[in-house]
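What follows is a set of notes on a single structure, which appears directly below.
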Amino acid sequence: MRRISVIGSSGAGKTTLSRVLAKAIGGTHIELDALYHGPNWTPTADNEFRRRVGALVENECWVIDGNYSTVRDLVWSAADTVVWIDLPRRTILPSLLRRTLTRMWRGTALWNGNRERFRQLLDPRAEENVLLWMWTTHRAARQMYSAALADPRWSHLEHHRLDSRARLAEFRRRSFDGPG
């Protein structure tokens, strides 16, 4: 594993696992959200986003986390492995809520100075409310990834579907922490 794509619902643990994997393989961790979200949550135009990602996937060793269909072909064409964190909503929701509230309370700056705000949790639009986004996109994302990973176009990829915290921990231990 030298070029790894980590996918899954918002709050599933993609970034946390990706940082560990990147360190373990001596590669670069690339967060697609950081490339996509400009200041004030301004989205990057598709052609510019693809250009940025295309340049990064040329590198020899990386872990990319994120779910952007706009660049999936670029990432997966260059990847050798896909790790799908496919946890149930009931598992993700409490940790996503805790993470979001902690970031809000601390005023944690994310990509390009963006911060999550308390008012976003009250917003009825899923694209503005990370909890609603995870909840409403979870099922469709699961179907999409199942179909995508079955597509012969991606047969070169080694893939791992981690559908519980126990499997996630076992994958990490077996693949990167060594025996014992």
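Every read-out reported here was derived from the displayed coordinates using simple, explicitly stated rules and does not represent laboratory data. It should be emphasised that the depicted structure is a prediction, and the values quoted were computed from it without experimental measurement. Positions of Cβ are generated from backbone atoms using ideal geometry, with glycine treated the same way; all protein chains shown enter the neighbour counts.
From helices alone, the chain scores -15000 deg cm²/dmol at 222 nm; the rule is -39500 (n - 2.57) for each run of n ≥ 4 DSSP H residues, then divide by the residue total. For region 3-177, the relative contact order works out to 30 percent when only alpha carbon pairs closer than 8 Å and six or more residues apart are counted. Note on ILE92, ILE64, ILE85: ascending count of other Cβ atoms within 10 Å places them as ILE92, ILE85, ILE64, the fewest first. Separation of region 33-79 from region 109-180 is 16 Å, based on Cα centroids. Using a Gaussian network model of the chain in which every pair of alpha carbons under 10 angstrom is joined by a spring, one finds that among ASP123, ASP86, ASP73 the greatest mean-square fluctuation is at ASP123.
Residues SER69, SER5, SER77, SER18, arranged from fewest to most other Cβ atoms within 10 angstrom of their Cβ, appear as SER69, SER77, SER18, SER5. In order along region 149-158, phi translates into HN-Hα couplings of 6, 8, 5, x, 4, 10, 5, 6, 7, 6 Hz, rounded to whole numbers, per the Karplus curve 6.51 cos²θ - 1.76 cosθ + 1.60 with θ = phi - 60° and x for Gly and Pro. Shown here for region 81-173: GluC sites (Glu not before Pro) in loop regions (DSSP other than H, G, I, E, B) with at most 13 other Cβ atoms within 10 Å, namely GLU127. Scan the chain and hand back the longest stretch that contains none of the trypsin sites (Lys or Arg not before Pro) lying in DSSP loops with at most 16 other Cβ atoms within 10 Å. So the longest stretch without any such site is 3-114.
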